[in-house]
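The values are calculated or read from the model by the stated rules, or taken from the named source; none is laboratory data. Predicted model, so just to flag it, every value in this text is computed and none were measured. Please note: Cβ atoms are built from the backbone with ideal geometry, for glycine as well, and neighbour counts cover all protein chains shown.
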Amino acid sequence: MSIAHPTSPGPSVVVGCTGIVAEGVKRAFGDVRAVDGVTFSAPSGAVTALIGPNGSGKTTLLLVLAGLLRPDAGTARVGGFDIVTENLAARASVGWMPDSFGTWDALTCREILLTFASAYGLSPEAGRRRAASLFEQLHLTEFAERPARVLSRGQKQRLGLARALVHDPCVLLLDEPASGLDPRSRIELRDLLRDLAQEGKTVLVSSHVLSELEEVYDHAVFLSKGRTVEATAVDARTAERGWRLDALDPVALRTFLANAGIPWARSSGGEVIVQLAGTDSAMQLVRAAVAAGVALHTIAPVAGRLEEAYLALDEERK
């Protein structure tokens, strides 16, 4: 199951691209059930975040959806195609970017993109135009004629994204795409993912950098021990968020909270942590504190919504 971002815009849809629909997908390696009955959907025109602790099955699920691993059970349709019975068509509709970037180190970046463009059926001229466009879009133009072996980790990540986009797929499967990117490149990646979703593409992205996903996701799918976690279980744990409070007079703040019947806890830094339903509740608390003569100089969420959900999942594993 999944949850929606509270401020996500209405998606546009690419005609003929129906996103991702998975039902009861399973994949085991010997006695290890890496994916154990996953059911979820990722719509067109949206960025869906795939979230879970290490070992929860995220990468295995992405490999199954990319058509690179055959599921042991269950069904999945990617871009409208069944990943088993219509494997080639499903794979042609997918742009796949693995976490571990493999490339031909002796080839130039341009040669790599042109090779993949040709493999996907683009004509030589169309491939050259597409490569030039992606190099400009991903700030790789100056590296186009350089061999891949001289690229930094972040530059290889950008080349991997270009490789995933070369055939203009309607579905993107991205495993840790922000890994190795500098802060500016991370911001540009967020903007690019939003643009791709606005074009109507289906973007499914796995990342442990939850703050990056917080800025871009429309929906989130949570995995734990190879299974999708019920949305109600996540929402119940994240309906209220922790807020960090500090005041010029800490004693007055704690007295105010006690008189207002608001439970609080002390953080490791000595600040007060309270659970509030959202921004409106936080503003009400600020107004009440001011009316009571308590001068707050800090009020901020302890963590983003995705981080809260991740922590809830981690707690469930214990």
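Of note:
- Residues satisfying the stated conditions in the stretch 245-289, i.e. modelled with pLDDT under 85 and charged (D, E, K, R): Arg266, Glu271, Asp280
- For the stretch 40-75, a residue qualifies if it is polar (S, T, N, Q) and either surrounded by 16 or more Cβ atoms within 10 Å (Cβ to Cβ) or part of a loop (DSSP other than H, G, I, E, B) (or both), and the qualifying residues are Ser41, Ser44, Thr48, Asn54, Ser56, Thr59, Thr60.
- Taking every residue in the stretch 121-140 that is at pLDDT below 95 and pairing it with any residue that is assigned to a helix (DSSP H, G or I) and loosely packed, with under 13 Cβ neighbours inside 10 Å, at least 6 positions away or on another chain, yields no pair with a Cβ-Cβ distance below 6 Å.
- Pair list, Cβ < 8 Å and 6+ apart or interchain, from the stretch 76-87 residues that are part of a helix (DSSP H, G or I) to residues that are of a type in the set (A, V, I, L, M, F, W, C) and surrounded by fewer than 17 Cβ atoms within 10 Å (Cβ to Cβ): none
- Number of the exception - Val21 against (1) surrounded by fewer than 24 Cβ atoms within 10 Å (Cβ to Cβ); (2) within 16 Å of Ala220 (Cα to Cα); (3) in contact (Cβ under 8 Å) with a residue 60 or more places away in the chain: (3)
- Test for Glu199: is it of a type in the set (D, E, K, R), out of contact with any Leu (no Cβ under 7 Å at 6 or more places or on another chain) and at pLDDT 90 or above: yes
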